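> Here it is, the structure in full.
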Amino acid sequence: MVNCWWRSAAKFEDCVKLKFDLPNISILTPRLKMLREMERLALVAPEGLNEFRHKLLVYSSGDFWVPIGGIRKEEMDIPPTITILLVGFAGSGKSSLVNLMYSVLGRSGLIPFAQTSLGSSSNYTTMFMEEHNVMRSTKSGFCVYDSKGFDYDHMEENLEELSSWMIDGVHHNQLCLRPGDDALTEDDIQNITFGSSTKFVKRRVNYVMVVADMAEIYKASKAGDLKPLEAIRELFSCPVLRKSNENPLLILTHGDMLSTEERIEGRLKICEWLGISETTGVYDIVCLTQYGYLSEESDPVAAYALSEAIYRALLISDRGHSPKKDFWDRAELILTWLMCFFAAFFACLAHICSKFGQRRKHKL
């Protein structure tokens, strides 16, 4: 009952009545849709978690690619490793989510889950990009990148940095230090970042998961402060992010700090504000229990939801690969640029001649 927190909701009895019925989904209220989704997770979590673990363990980049248009897989531009980037605001729980990934997916015998690079203190702040191979295998076809949290008061700089990650790629130990950060000295920064661009492989970001603190957003909105909600919407609808993956996933953390009704209302409000589905576009994942332990053993629903979110990210990434560019593609690109240049040149020439003709006409 502790894990299935939604079962104490006021409308849960209405959800139970629909358990064996298949009514038209369009007539269900958002609350009932959410309750049914949580019941689905609870139903498949015990056995489905091991199945997802196996699928992710044997996954190789491009396994979920679907042949279309007669193009073979060898002709697709598929990276050797799919890169999933976690972004969000400071304190949203990205590093805790990575630790839970290690516990759920990468744990083997007595091997502990990985801690953040600078320790595990509660006031820890990520300063560098951190690459994590959560499956602990060189054959794993994906990695997860933890990034430094954004600032609500510097959205323009946040979006510029996100755009640079999406366009230029990311690599391990890539500096995320911003003005005002004083946790590390200049010597520490130079020692850590020295040669990082050559030591570590630069990876193209294939998918982005947006991580948000549901408790913070809900409490702020109830107090009349819409800044966190507006900031997460601006980040979620960033053009460069939407261009990379049309359906970014939203991971909500720290929901256990709210009551059942507050947790439901918070999730529905955030989904409505962002314009995403309350069943397929968002996951409510508690990373730590109230005693500070990872929630894998005590909360199988959260563990399964995390595994399903990663699986969905890989699925969308593989279906978004583009064909490799050959000689004719490059020739077409060069020809297009030449045509654009000539068009701009003759348009400018026509404008100059038009102005010159008007002046002569006035003189006559």
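> Beyond a 22 Å Cα-Cα separation, which of these cross-linked pairs lie in this structure: Lys243/Lys325; Lys73/Lys94; Lys219/Lys269; Lys243/Lys269?
Where the Cα-Cα span goes over 22 Å, the pairs concerned are Lys73/Lys94; Lys243/Lys269.
> Oh, and also: Counting other beta carbons within 10 Å of each residue's own, what order do Cys353, Cys143 fall into, fewest first?
Listing Cys353, Cys143 from fewest to most nearby Cβ atoms yields Cys353, Cys143.
> Extending each Cα 7 Å along its Cβ direction at Val66 and Ile167, get the distance between those two points in nm, one decimal.
Label at Val66, label at Ile167, 3.2 nm between them.
> Hey, another quick one. For Cys176, enumerate residues with amide H under 5 Å from its amide H, sequence gap 5+ or separate chain, H modeled in the peptide plane.
Result for Cys176 returns Phe128, Met129.
No value in this document is a laboratory result; all are computed from the given coordinates. Note that the structure is a prediction, hence the values are computed from the model and not measured. All Cβ positions, even for glycine, are placed from backbone atoms using ideal geometry, and neighbour counts span all protein chains on display.
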